Amino acid sequence: MTIGNLLKEAIKYLKVKNVEDPSYEAGLLLSYVLERDLSYIYAHPDEVPDHQLIGKYRAYIERRGRHEPFAYITGECGFLDLTFFVDRNVLIPREETEILAQSALWALGKSPAYFDPKIPRLPKKESYRVLDVGTGSGCLAVSIARHCGSAFVDALDISGDAIAIARRNAERHSVANRIEFIKADFLNVSINTRKYDLVVSNPPYIPENDIPHLSDSVKNYEPYTALAAGKDGLIFYRALAERASSLLFDQGMVMAECGYDQGEKVRKLFSERNMETYIIKDLAGIDRIVVALSPGRFC
Ligand SMILES: C[S@@+](CC[C@H](N)C(=O)[O-])C[C@H]1O[C@@H](n2cnc3c(N)ncnc32)[C@H](O)[C@@H]1O
């Protein structure tokens, strides 16, 4: 079986299974299995791969045909300029969350590729304490620590399995010495009394009743606890707003990602607690990140 024929077979199969962009997906998976870049795959249609690799490729194509996300099949996902281990215990890091990571780096005095200049920056300090609520794969905690050498991060998650993955990612990117992992339920008010300069969070934010309407690749594969957030999807923002004054230093800030239609509701939860708020839009112009400055800032 040649590369060209393998691709044809896989594209036909993925089309029948209603996978979006079957040609691209078939090529990408083959490039992963053969450990060659895409241009090599397209330039060598007559090459015959080893039969074990053909078997592996067909098994992966079958999994993709069942709408298992590409990142779970390969076990990896890119986030900013880093590659993260992922498995079914963690949400696959999303592009929107890269905006949160970059906004956090902006607040910490760095110069990321994407930032909103109207967002205030934290006062200059030798070191910063950062809390990542719902760390999952650790994509936020690890990329913040990696790109800001003065950041000391507490990465909190209710899932011990997620924390194990986040810890591997911290080790992979040589920042495990500046990240403390905390297995805890953020909704339980008795946890954690430390203060932070910056609290970042991409919490679960999907209303429970919306979960059955998500795509198969999300609802059948990604962890329910990473997605669902009570009746209205706002429980984590309420908890963040309620606890902001005890979690933040006087000049600290919260940065939280939210759903496409939640920006104003989330902003209100913080502004009702006397916090100055901002909304950062994503590249599609959708409200994505709510920034809230410590209530202590106005004392
Ligand atoms: C939407 S995922 C975000 C993961 C990662 N930060 C990212 O941006 O890709 C939310 C995370 O919150 C965690 N989580 C859910 N409920 C929690 C709770 N009560 N306390 C702490 N973490 C929780 C989930 O396990 C999941 O890892």
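Every read-out reported here was derived from the displayed coordinates using simple, explicitly stated rules and does not represent laboratory data. All values reported here derive from a predicted model rather than from experimental measurement. Note: ideal-geometry Cβ built from the backbone for every residue, glycine included; neighbour counts use all protein chains shown.
Normalised by the empirical 2.2 N^0.38 Å for globular proteins, what value does the Cα Rg of the chain take?
Ratio of Cα Rg to 2.2 N^0.38 Å: 1.09.
Among the helices of the chain (complete DSSP H runs), which have Cα atoms covering no less than 15 Å along the helix axis and a Kyte-Doolittle mean of at least -1.0?
The answer, listed by residue number, is 3-16, 22-34, 95-107, 160-172, 235-247.
Between Ala176, Ala256, Ala43, where does the largest GNM mean-square fluctuation fall for the chain, given springs only between Cα atoms within less than 10 Å?
Highest fluctuation among the options: Ala43.
Which value in deg cm²/dmol, rounded to the nearest 500, describes the helix-derived mean residue ellipticity at 222 nm for the chain, given -39,500 (n - 2.57) per DSSP H run of n ≥ 4 and division by the residue count?
Only helices count here, giving -11500 deg cm²/dmol.
Can you put Leu234, Leu28 in order, fewest other beta carbons within 10 Å first?
Leu28, Leu234
Please identify the longest segment of the chain free of exposed chymotrypsin sites (Phe, Trp or Tyr not before Pro), where exposed means a DSSP state other than H, G, I, E or B and no more than 15 other Cβ atoms within 10 Å.
Longest gap between qualifying sites, sites excluded: 115-259.
Within 10 Å of each residue's Cβ, count the other Cβ atoms and sort Cys139, Cys77 from fewest upward.
Ordered by Cβ neighbours within 10 Å, fewest first: Cys77, Cys139.
What Kirkwood radius, in Å to one decimal, follows from the Cα pairs of region 3-66?
It is 11.4 Å.
Report the label-to-label distance for His51 and Val16 in nanometres (one decimal), using points 7 Å from each Cα along the Cα→Cβ vector.
Distance between label points: 2.3 nm.
Any idea what log10 I(q)/I(0) is at q = 0.22 Å⁻¹ for region 19-115, Debye with uniform C-alpha scatterers and no solvent?
With one equal scatterer per Cα and no solvent, log10 I(q)/I(0) is -1.15.
First measure r as the distance between the Cβ atoms of Asp37 and Ala284, then evaluate 1/(1 + (r/R0)^6) with R0 = 35 Å and state the FRET efficiency to the nearest 0.05.
0.75
Near Lys17, which aspartates and glutamates are there with a Cα under 14 Å away, not counting those fewer than 8 places off in the same chain?
Of all the aspartates and glutamates, those that pass the test against Lys17 - Cα under 14 Å, at least 8 places apart if same chain - are Glu9, Glu25, Glu62, Glu68, Asp216.
Taking the Cα centroid of region 1-80 and of region 126-155, what is the distance between the two, rounded to the nearest whole Å?
Here the two parts' Cα centres lie 34 Å apart.
Going by how many other Cβ atoms sit within 10 Å of their own, how do Thr2, Thr225, Thr135 line up, fewest first?
If I rank by nearby Cβ atoms, fewest first, I get Thr2, Thr225, Thr135.
Which length gain, in nm to one decimal place, applies between Lys124 and Asn220 when the Cα-Cα distance is subtracted from 0.36 nm times their residue separation?
Fully extending the segment from Lys124 to Asn220 adds 30.1 nm.
What dipole magnitude, in Debye to the nearest 20, does the chain give about its Cα centre under +1 on Lys/Arg Cβ and -1 on Asp/Glu Cβ?
620
Gaussian network model of the chain, Cα springs within a sub-10 Å range: biggest mean-square fluctuation belongs to which of Ala101, Ala239, Ala59?
Among Ala101, Ala239, Ala59, the largest mean-square fluctuation in the Gaussian network model of the chain belongs to Ala59.
Which of these, Pro93, Pro69, Pro49, has the largest mean-square fluctuation under a Gaussian network model of the chain (Cα springs below 10 Å)?
Judging by the Gaussian network model, the answer is Pro49.
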